[in-house]
Structures are given as C-alpha cells and as structure tokens.
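*Asks:* I have a structure I would like to understand better, so I am pasting it below and will then ask my questions one at a time.
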Amino acid sequence: MYDIIVVGGGPAGMTAAIYARRANKKVLVFEGKACGGQILNATEVDNYPGFESISGFDLSQNMYNQALKLGAEFKFEMVKKITADKKVITDNGEYQAKAIILATGAENRRLNIVEEADYIGRGISYCATCDGNFYKGKDVAVVGGGNTALEDALYLSNLCNKVYLIHRRDQFRGEDKYVEQIKLNDNIELILNSQVVDLIGEEHLEKVTVKNNDETTKTIDVSGLFIAVGQQPRNEMFADVVEIDEKGYIKAHDEVYTNVEGIYVAGDTRNKVLKQLTTAVSDGSLAATIAIKEMK
C-alpha cells in the first residue's frame, strides 16, 4: 500500500513526489517513457525562476534526482487504468494507494512532416512564450488558426523582425479581437489556405515550404517555426473514473480536485488557462499538499 501514487513523471508529477516525500509519505511515480515530459525537448529553458539558463534535460534530471534522493520510488510501466478506490493497473501489475495524483501531461499535436522531430529544439518550437526570446530580431513563422496561434503571432511580433502566420483555412477559429490585432500589425504576414509541407536546413531550420490549396508552393526563409495546432492530453484510460472535458482534459475543481474523492490532477493534463513549467510545478506541489492533508 502506497500513500500516494503519481501517474506521470513530468515536472508536475515529480514535484508532487518531492512534496509528498518531504512529508514522509510512501510515494510511487509511474512514467511510461523518460521522466521530464515535454520539457525534455527544450534545449534551453530561461523562464524558470532561479536559472538564467538550463537545458530541459538537466532541469528534468535535477528534479528526478531530487525525488529519488528523498526516497520516491519510480516504476517505468504503462498505466492502463485506475479505479475509484485508488487502484492503479499497469501493464505489469496492480498497485493500491490512499490517494492518486494524475499528472500525465499533454502532447503537442504535430504537423506530421517527416523531418519535424529532427528540428525540435533546432528551429521548431511548440511554445512561443517559452522559446520566443531566442528569436529576437529574426524572421519566424507560426502555424495554426486558434487563439494560441494568434496570441503566439502577436507575442512574437514584439520580439521578431517578421512573423508569418500560416493557416490552412481562410478564416481563423480564434477570437475576433485577436484577428483584428493581427491585421493591424505591420510585421505579421498572413499566409492563408496553406500548409507547411517541407522543412529545410542543415544543423538548424532555415526555410519552410508552404503549399497553397491550389497546389502552388513557395519557400520562406525563417529561423524558427512555432507550431500551435493544439495539444493532445492522454486521459483515455481515466475517462470511466474522472470527468473529462470535450477536449480530453481532466476537469479540475478548485485547481487540483477531480470529481472523485482522493484522486487529484496536476499539470497540463487538466483544463487550465496557462500551461507552463511554472504552473505545472505549482499544481504538483498543491496536489500533493492537499492529498496529504485529506488522506485518510
């Protein structure tokens, strides 16, 4: 019997483990791949308090080592499902806890271009507020048509020389107020009815090829490509236990509560306004603290 089982070894999950172990609770963390989550793809993190600059790998490793040193147990097994009575079933067995913290994060939707993974951290980013500062004075492109893409383009327009906003339709899904700001912005160029079909560069992204709906193509010189076509939470295995919203995120009440007593949620896997490293660790610390306080 564990006091707390954390499902997910990203920043939220590892922070929850650290806080739970500091309270001398028996903690088990499940992670299907490598601890760190999306932050592992960041070659440089410069918006996390206390570090002017650190790689995502190093920051993740620091969190992992800290949790291990405090006595948290880690198992690299795929979680198949959970039950309302706080049982976690993996591909290797069943585990019982007094409380569960769900911190499985979310995956960025990709463009499904063959070379895409090769350029992550070398010109491709899925977070403008995380990485935009690296592209000051340069030309970049944003792909997407929702609020995130529009906000990213506006944010980058204050940093970059030029921002291309590429969208596969002629109308945006985002709010009209952002669309109007985009149209009034001199250094944002719209490329509509188009999609990115090729990525070009040596060590770093240098160009993108865009195909229009009429099948004509053109190549754009850019130093960075910010992909904002949504995220995919990984909550299918929990859907018969906790409430999930229409986008697949776990519904959070008062930040970290689910609809089931003793099951909490933390990080990007929950519905929230801001998905950042700082908010993930905040969720993790809060979920663990509340779970400890309410543990029976």
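*Asks:* Within the range 128-141, can you find the residues that are open to solvent by less than 10 Å² (accessible area, probe 1.4 Å) and either under 14 Å from the mean Cα position of the chain (by Cα) or modelled with pLDDT under 95 (or both)?
*Replies:* Ala128, Gly132
*Asks:* Taking the condition in contact with a helix residue (DSSP H, G or I) (Cβ under 6 Å, 6 or more places away or on another chain), surrounded by fewer than 22 Cβ atoms within 10 Å (Cβ to Cβ), under 29 Å from Glu236 (Cα atoms) and of a type in the set (Val, Ile, Thr), does Ile113 pass?
*Replies:* Criteria not met by Ile113.
*Asks:* Quick one: in the range 208-235, of everything that is modelled with pLDDT of 95 or more and of a type in the set (A, V, I, L, M), which residue is surrounded by the most Cβ atoms within 10 Å (Cβ to Cβ)?
*Replies:* Top of the filtered list is Val208.
*Asks:* Inside the range 188-207, can you point out the residues that are open to solvent by less than 80 Å² (accessible area, probe 1.4 Å) and under 19 Å from Leu150 (Cα atoms)?
*Replies:* Ile188, Glu189, Leu190, Ile191, Leu192, Asn193, Ser194, Val196 - these are the residues of the range 188-207 that are open to solvent by less than 80 Å² (accessible area, probe 1.4 Å) and under 19 Å from Leu150 (Cα atoms).
*Asks:* I'm trying to understand the selection: among the residues of the range 7-36, which are open to solvent by 10 Å² or more (accessible area, probe 1.4 Å), on the phi > 0 side of the Ramachandran plot and touching a helix residue (DSSP H, G or I) at 6+ places or on another chain (Cβ under 6 Å)?
*Replies:* none
*Asks:* Hey, another quick one. Could you check how many residues of the range 149-174 are out of contact with any strand residue (DSSP E or B) (no Cβ under 8 Å at 6 or more places or on another chain) and open to solvent by 80 Å² or more (accessible area, probe 1.4 Å)?
*Replies:* So the answer is 7.
*Asks:* Out of Ser53, Ser125, report the one residue that is open to solvent by 20 Å² or more (accessible area, probe 1.4 Å) and touching an Asp or Glu at 6+ places or on another chain (Cβ under 8 Å).
*Replies:* One residue alone meets the criteria, Ser53.
*Asks:* Still on this structure, I have one more. Looking at the range 259-275 only, could you name the residues that are crowded, with 23+ Cβ neighbours inside 10 Å and either assigned to a loop (DSSP other than H, G, I, E, B) or not charged (D, E, K, R) (or both)?
*Replies:* Answer for the range 259-275, where residues must be crowded, with 23+ Cβ neighbours inside 10 Å and either assigned to a loop (DSSP other than H, G, I, E, B) or not charged (D, E, K, R) (or both): Ile263, Tyr264, Val265, Ala266, Gly267, Thr269.
The values are calculated or read from the model by the stated rules, or taken from the named source; none is laboratory data. Keep in mind the model is a prediction, meaning the values are calculated, not measured. Heads up, the Cβs are rebuilt from the backbone with ideal geometry, glycines too, and the neighbour counts pull from every protein chain shown. Just so you know, the surface numbers come from the protein's heavy atoms only, side chains and all, with ligands and any DNA or RNA stripped out. Shrake-Rupley method; radii C 1.70, N 1.55, O 1.52, S 1.80 Å.
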